[in-house]
1. Helix 139-156 versus the longest principal axis of the chain: what is the Cα-based angle in degrees, 0 to 90, to the nearest 10?
2. Given the DSSP H assignment, sum -39500 (n - 2.57) over each helix run of at least 4 residues in the chain and divide by its residue total; what's the result at 222 nm in deg cm²/dmol, nearest 500?
3. Given H placed on each backbone N at 1.01 Å, which residues far from Trp215 in sequence or on other chains put an amide H within less than 5 Å of it?
4. Quick one: which residues, 5+ away or cross-chain, put their amide H under 5 Å from the amide H of Val129? H built at 1.01 Å from N.
5. Just to confirm the number: angle between the C-alpha axis of helix 279-292 and the first principal axis of the chain, 0 to 90 degrees, nearest 10?
6. Classify segment 139-272 from the C-alpha gyration tensor, please: rounded if a/c falls under 1.5, else prolate or oblate depending on whether a/b exceeds b/c.
7. Compute, for segment 139-272, the length of the dipole vector about the Cα centre, with Cβ point charges of +1 (Lys, Arg) and -1 (Asp, Glu) only. Units Debye, rounded to 20.
8. Using θ = phi - 60° and the Karplus form 6.51 cos²θ - 1.76 cosθ + 1.60, what ³J(HN,Hα) does each residue of segment 177-188 get, whole Hz, x for Gly and Pro?
Amino acid sequence: EFLSDPRVVELPRWVWLPVLHGIVLRLRPRYAARAYARIWGEEGSPLLTHSEHQAARLTERLAGEGVKVVLGMRYGQPSIRSALEALRAAGVGRLLVLPLFPQYSAVTTASVFDAVARTLRSWRRLPEVRMPMGYHDDPGYISAVAHAIRMAFEAYGVPDRLLFSFHGLPRDAVERGDPYGDQCQATARLVADSMGLEPDRWQVAFQSRVGPRAWLAPYTLETLTAWARAGVRSVQVVCPGFAADCLETLEEIDIRYREAFLEAGGEDFHYIPALNDSPQHIEVLWQLVARHGRGWLDAAPGESTA
């Protein structure tokens with residue numbers, strides 16, 4: 001489903017689908033299964049577990065507001081369609097869709113919009129709909145990320161370097177107007193400025209590159225190994241673009257990239273967990289709901305939802 005999304009792979013269908021079904025889907029599942037096996041928890045998928053906890057904590061935070069919180073995953077289950085159908089069955093008349101992608105990209109946020117629209121176009125009676133397009137510079141979000149970094153500094157000491165690692169994006173997507181790269185840089189700069197970090201102590205890099213095309217650079221893996229070879233002994237990595245820990249943070253960063261940094265000569269590596277269902281993150285989400293649901297939260301119970 002993910003690799004079939006035209007927002008994700010922007011190639012003509014007649015070019016991409018034979019490659020997807022003839023090559024990629026024959027090889028990638030074996031690799032993905034091994035990677036997931038390294039991070040699978042007692043409750044199953046970390047991403048799903050953290051997302052369910054977020055929804056539960058947000059429900060608690062919104063108690064008494066007449067808001068029904070339902071989780072929908074862009075890929076996998078519970079799906080966006082199933083979430084929307086549950087809301088329709090509950091008689092919801094106002095719909096606030098909150099994509100948990102702080103930095104906007106057509107690959108992520110716009111794909112959520114597409115999925116919502118595909119479901120709603122079959123409904124006879126539509127709800128009022130609102131959907132924020134991101135929150136990369138939201139003061140509460142910036143404060144929450146900075147708090148997580150400060151907690152890591154207190155626990156492990158201030159590292160030689162702090163790396164802000166964001167999911168990568170093909171360079172040509174940015175050249176066509178996607179603001180994602182600029183928003184990633186802005187998030188990191190705002191966090192660093194709020195903490196008073198010196199410019200030579202932190203950097204932005206991009207991970208999870210797939211295929212031979214040029215992606216946003218510099219790349220996280222190359223940055224970490226270059227630092228180690230240059231004498232940087234301690235690093236901490238934070239991934240502000242991920243609202244919940246998942247394969248890309250727990251396996252790619254905290255296992256594979258950790259090993260690469262240490263093998264290249266580094267001595268101390270710490271991954272700073274995603275905001276997940278921390279009190280600071282739930283407060284950020286509550287503030288987003290309050291802001292974008294303004295005028296709805298005092299509506300009759302059952303008519304408003306996030």
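Every number in this text was worked out from the coordinates using simple rules, so none of it is lab data. As the structure is a prediction and not an experimental result, all values here were calculated from the model. Here Cβ is always computed from backbone atoms with ideal geometry, including for glycine, and neighbour counts include all displayed protein chains.
1. 40 degrees
2. So the helix-based figure for the chain works out to -12500 deg cm²/dmol.
3. Arg171
4. Amide H neighbours of Val129, under 5 Å, 5+ apart: Leu95.
5. Its long axis makes an angle of about 40 degrees.
6. It is oblate, given that a/c is not under 1.5 and a/b is not larger than b/c.
7. 200 debye
8. Residue by residue, segment 177-188 yields x, 5, x, 3, x, 5, 5, 4, 4, 5, 4, 4 Hz.
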